[in-house]
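To keep things clear, I will list the structure first and then write my remarks on it.
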Amino acid sequence: MEENNSIKEDTKIVETTKCLNCGTEFQGNFCPECGQRADTNRLTIHAILKNLLLAILSNDGGIWITLKSLFTRPGAMMVDILNGKRKSYFSPFPMLFLTLALYIMVFSFSGSNDIDWDNVIDDSASEDVELVEADDSKVLENDILEIIKWSYIFYINHYTLFSVLTIPLYLLGARIFYGRQNRKRYFRGEYIVPIVYSLIILILYRCLTDVVYCFSHDLYAKITSLGLIIIVNTIALTMCFKKMIGFSTVKTMWRSLLILALYYSIIGIVLFGALAFYFYQKL
């Protein structure tokens, strides 16, 4: 009788789950082939909000712990990621895109809309035509000042987009100014990690400025000046690179300034050239 009971226990059917992603049958909470959870169900609003909340609040690779580390121990976080301790942190590029999505939401609701660029160019062009008739000797000077002015405005209104699209320029500067030893020590891809996280800080600063816009337009104009953007950018690069490259805070900061000097020189030349061409096409 006891033998029969033991046989029944041994032959007890164990429930398995079929992975909805790869079709593997398995036991447990996660698929051994692709890692998808066993309790993956149809997408409902409740499920989407639950997953979003888990991603934000999770202490295991969540957004919250990544943001906390980014502002309290950024250098240590970069070293952890480069040394392979990545499970506790949200990956840089998904984090960058989520931050951009947040910025777009804040930008849309704050009302800090960009200027109508086409109208600005048309108006400035018509004004310069009148200047030509009034005083031919000042045409070139006025045109250059107008192009510089609108280049500045255009960049200030779009520096978030510029920063993301010009990551290779940051990489070029970092490879040049953070030293030969570090170029041999780290791959190019490893330089991109702290660059991306520093841009996340910059984008979050832009979100803050757009919130300020809702309360004070004058203060918004002051905190979105190019000088303040460069300061925030320098601090962000210094925070993220200092421990990785092994320099002192002062040395890391002035080398970061050299990176931005190169970066803004290239951006300024390209933007000025493009707008000068567009400006004179309108005349």
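The values are calculated or read from the model by the stated rules, or taken from the named source; none is laboratory data. What you see is a predicted model; the values in this text were computed from it and never measured. Because the Cβ atoms are built from the backbone with ideal geometry, glycine has one as well, and the counts that use them run over all protein chains shown.
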So, first residue within 15 Å of ILE259 (Cβ to Cβ) and without any contact (Cβ under 8 Å) to a residue 40 or more places away in the chain in the stretch 184-204, second residue of a type in the set (Ser, Thr, Tyr) and crowded, with 20+ Cβ neighbours inside 10 Å, Cβ within less than 9 Å, six or more apart or across chains; the pairs are TYR191/TYR170; TYR191/TYR178
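Residues that are more than 33 Å from the chain's Cα centre (by Cα), at pLDDT below 75 and not polar (S, T, N, Q): which helices (runs of 4 or more DSSP H) entirely in the stretch 1-88 hold 1 or more of them?
Details: elements: 2-10, 45-57, 63-72, 74-82.
Here the list reads 2-10.
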The residue that is modelled with the highest pLDDT, considering only those in the stretch 89-117 that are over 16 Å from the mean Cα position of the chain (by Cα) and assigned to a loop (DSSP other than H, G, I, E, B), is GLY111
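Take the conditions crowded, with 16+ Cβ neighbours inside 10 Å and among the acidic types (Asp, Glu) and apply them to ASP218. Does it pass? Steps first, please.
Working: crowded, with 16+ Cβ neighbours inside 10 Å: no; among the acidic types (Asp, Glu): yes.
Answer is no for this residue.
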LEU208 fails exactly one of (1) in a helix (DSSP H, G or I); (2) under 22 Å from LEU169 (Cα atoms), namely (2)
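Select from the stretch 163-184 the residues that are part of a helix (DSSP H, G or I) and hydroxyl-bearing (Ser, Thr, Tyr) and write down the one among them that is modelled with the highest pLDDT. Full working, then the answer.
To start, the set of residues in the stretch 163-184 that are part of a helix (DSSP H, G or I) comprises 163-165, 167-177, 180-184.
Going one step further and asking which of them are hydroxyl-bearing (Ser, Thr, Tyr), we end up with 163, 170.
Details: SER163: 92, TYR170: 97.
For the stretch 163-184, the residue satisfying everything is TYR170.
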Out of (1) more than 30 Å from PHE109 (Cα to Cα); (2) without any contact (Cβ under 8 Å) to a residue 60 or more places away in the chain, the one GLY173 does not meet is (2)
Quick one: would you say ILE229 is at pLDDT below 95, touching a Leu at 6+ places or on another chain (Cβ under 8 Å) and assigned to a helix (DSSP H, G or I)?
yes
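Among LEU202, LEU262, which is the only one that is touching a Phe, Trp or Tyr at 6+ places or on another chain (Cβ under 9 Å), closer than 24 Å to ILE81 by Cα and part of a helix (DSSP H, G or I)? Before you say what the answer is, go through the steps one by one.
Working: LEU262 fails: closer than 24 Å to ILE81 by Cα.
Of the residues listed, the single one that is touching a Phe, Trp or Tyr at 6+ places or on another chain (Cβ under 9 Å), closer than 24 Å to ILE81 by Cα and part of a helix (DSSP H, G or I) is LEU202.
Considering each of THR160, THR209 in turn, give the residue that is modelled with pLDDT under 95, crowded, with 18+ Cβ neighbours inside 10 Å and closer than 20 Å to ILE267 by Cα.
The match here is THR160.
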Subset of the stretch 23-33, residues loosely packed, with under 12 Cβ neighbours inside 10 Å and closer than 22 Å to LYS87 by Cβ, comes to GLY28, ASN29, PRO32
When the stretch 224-283 is checked residue by residue, the ones that are closer than 19 Å to TYR191 by Cα, without any contact (Cβ under 8 Å) to a residue 12 or more places away in the chain and hydroxyl-bearing (Ser, Thr, Tyr) are SER248, THR249
